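Here's the structure, in structure tokens; my notes come after.
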Amino acid sequence: MKRFLAILALFLFYSSLSIAGEMNLWKKKIKLPKDVSQGFNKGWTFSNNYDPKTRLTPDYAFKIVDKSNEHPVRFGEKSIRFELRRGDCGLSPGGYDDCTIWNERSGMSSERHELGSENYFKGTTWHTFSLFLKDPFPIKGHKYEHISLGQMHGFPNSNPSFKWDVDEETYQMRRRTACHLKEFLKKTGSSKSGEDSFKCSIDMAGNHFENLISKEDLIGRWHDIILNIKWTTKQDGYFKQWINGKLVYHYKGNTSKPKGSVNRFKFGIYRGNTYDTPKESTHIVYYDEIRLAKKCEKIGLEDLGYSCKDLEEQKTHFIDTPEDYFNSFVAVIKSKDDADYIIKVRGSSKKDASKKGLKKCKESKITSCYVHYSSKVGFGQ
């Protein structure tokens with residue numbers, strides 16, 4: 001009887017969202033069926049395609065679909081289908097306007113249909129989600145600034161810690177945790193509030209991107225994503241990602257948003273269209289088995305054909321760190337009293353490198369230390 005009432009309540013909820021081809025999701029918390037998502041007990045919120053006048057959203061934005069209707073399903077009977085068309089932008093309840101042109105030169109604005117978790121992450125967490133890109137999935141020649149299929153993102157700081165993009169025709173992990181370092185925020189924004197300065201970029205020293213699924217394997221099949229994360233603003237955190245049972249990426253360093261911001265998971269389709277993006281360009285992605293747990297043994301990997309023991313025994317040849325951020329500038333220190341004395345010291349800025357260099361010089365009992373020059377580190381320097 002309880003199960004019947006739960007199914008009935010879910011049916012009535014989704015029925016109430018639809019009005020003549022549109023859904024009313026404004027300021028609503030959304031519960032996904034257990035067949036699709038587990039562990040996110042606080043539900044989800046939608047962003048960002050609300051009509052400014054009606055506050056309604058197209059009903060194709062996302063739907064719970066069934067295997068019996070020939071939709072791809074990873075496990076069980078249901079999955080969740082996202083569809084994004086040109087012009088699918090709008091306001092958020094907080095007033096953020098995705099339709100804004102953020103780059104006048106390229107014409108980049110945002111189009112998105114995403115669900116964001118109301119569960120915020122601290123400590124150590126395990127995650128799974130499976131995704132299926134429906135063919136055709138237009139990328140080449142469509143001139144998107146980014147096509148994002150999931151991100152670890154929160155607020156008020158508006159730089160995602162980890163994001164997965166496919167705009168280069170591969171499944172690429174993009175890490176921006178260097179933009180959450182207190183040293184970066186002190187130079188560009190408020191380290192106390194975590195406000196974003198819009199000076200963060202993936203190419204900045206200390207950040208990283210890596211291709212995890214090749215172009216040939218990306219579209220038309222299921223991919224299982226497993227994550228294990230220790231959330232912290234300190235350098236003892238870690239982020240591990242397995243794809244289809246293989247450890248493909250390992251990072252050690254700060255993982256959390258800055259103090260004052262939250263960590264949460266967002267998934268769906270989020271893209272940056274430009275002046276050169278075709279007027280017709282539709283993306284469809286299916287997700288399934290979106291799970292959250294504090295321990296690996298609680299996340300149900302057996303359903304997907306994996307075991308915690310096998311995963312945790314794996315290692316990568318390379319461990320990523322944000323170390324480059326702290327060493328992206330160099331200062332050359334000399335002494336007016338000793339013509340033979342010269343040292344090179346690295347830091348996160350000219351000022352930082354110079355300060356460290358002068359301190360090291362004085363600690364060596366050298367007198368009349370001075371900065372001969374400081375600059376950004378060049379290739380081979």
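The values are calculated or read from the model by the stated rules, or taken from the named source; none is laboratory data. It should be emphasised that the depicted structure is a prediction, and the values quoted were computed from it without experimental measurement. All Cβ positions, even for glycine, are placed from backbone atoms using ideal geometry, and neighbour counts span all protein chains on display.
Does Lys187 meet the test of being under 27 Å from Tyr306 (Cβ atoms) and of a type in the set (Lys, Arg)? Against the criterion (under 27 Å from Tyr306 (Cβ atoms) and of a type in the set (Lys, Arg)), Lys187 does not qualify. Comparison of Lys163, Lys143, Lys187 shows that the only residue that is touching a residue at least 24 places away in the same chain (Cβ under 8 Å) and on the phi < 0 side of the Ramachandran plot is Lys187. Cβ-Cβ contacts under 7 Å between residues 6 or more apart (or on different chains), taken from a first residue in region 54-79 that is in a loop (DSSP other than H, G, I, E, B) and surrounded by 17 or more Cβ atoms within 10 Å (Cβ to Cβ) to a second residue that is modelled with pLDDT of 95 or more and basic (Lys, Arg), are listed as His71/Arg81; Val73/Lys67. Given the structure, is Ile229 within 23 Å of Lys122 (Cα to Cα), buried (at least 22 other Cβ atoms within 10 Å of the Cβ) and in contact (Cβ under 8 Å) with a residue 60 or more places away in the chain? Yes: the conditions hold for Ile229.
Against the numbered list (1) modelled with pLDDT of 95 or more; (2) touching a Pro at 6+ places or on another chain (Cβ under 9 Å); (3) among the charged types (D, E, K, R), Arg55 comes up short only at (1). Here Tyr373 passes the criteria (1) of a type outside the set (Lys, Arg); (2) out of contact with any Lys or Arg (no Cβ under 7 Å at 6 or more places or on another chain); (3) surrounded by 13 or more Cβ atoms within 10 Å (Cβ to Cβ) except the one numbered (3).
Among the residues of region 319-372, those identified as closer than 29 Å to Gly237 by Cα, in contact with a Phe, Trp or Tyr (Cβ under 8 Å, 6 or more places away or on another chain) and of a type outside the set (Asp, Glu) are Ile319, Thr321, Tyr325, Arg346, Gly347, Ser348, Ser349, Lys350, Ala353. The numbered conditions (1) over 17 Å from Thr125 (Cβ atoms); (2) out of contact with any Leu (no Cβ under 7 Å at 6 or more places or on another chain); (3) touching a residue at least 40 places away in the same chain (Cβ under 8 Å) are all true for Lys309 except (3). A count restricted to region 41-51 and to residues that are buried (at least 19 other Cβ atoms within 10 Å of the Cβ) and under 16 Å from His127 (Cβ atoms) stands at 1. Taking the numbered list (1) in contact with a His (Cβ under 6 Å, 6 or more places away or on another chain); (2) within 30 Å of Lys298 (Cβ to Cβ) in turn, Leu84 passes all entries but (2).
Lys63 fulfils the conditions (1) at pLDDT below 95; (2) at negative phi except for a single criterion, (1). The condition (being at positive phi and out of contact with any Leu (no Cβ under 8 Å at 6 or more places or on another chain)) is satisfied by just one residue among Lys27, Lys53: Lys27. When you look at Val345, is it crowded, with 19+ Cβ neighbours inside 10 Å and either touching a residue at least 40 places away in the same chain (Cβ under 8 Å) or in a loop (DSSP other than H, G, I, E, B) (or both), yes or no? Judged against the criteria, Val345 is not a match.
The strands (runs of 3 or more DSSP E) located wholly in region 212-314 that include 3 or more residues which are among the basic types (Lys, Arg), at pLDDT 95 or above and assigned by TED's automatic domain parsing to the domain that holds Val65 occupy 264-273. Scanning region 334-372 for residues that are of a type in the set (Ser, Thr, Tyr), out of contact with any strand residue (DSSP E or B) (no Cβ under 6 Å at 6 or more places or on another chain) and under 28 Å from Leu181 (Cα atoms) gives a single hit, Ser348.
Of all the residues that make up region 205-236, how many are closer than 21 Å to Thr170 by Cα and not small (Gly, Ala, Ser)? Total meeting the criteria: 19.
Among the residues of region 17-40, those identified as surrounded by 14 or more Cβ atoms within 10 Å (Cβ to Cβ), under 26 Å from the mean Cα position of the chain (by Cα) and free of Cβ contacts under 8 Å to residues at least 40 places away in the same chain are Leu25, Lys28, Lys31.
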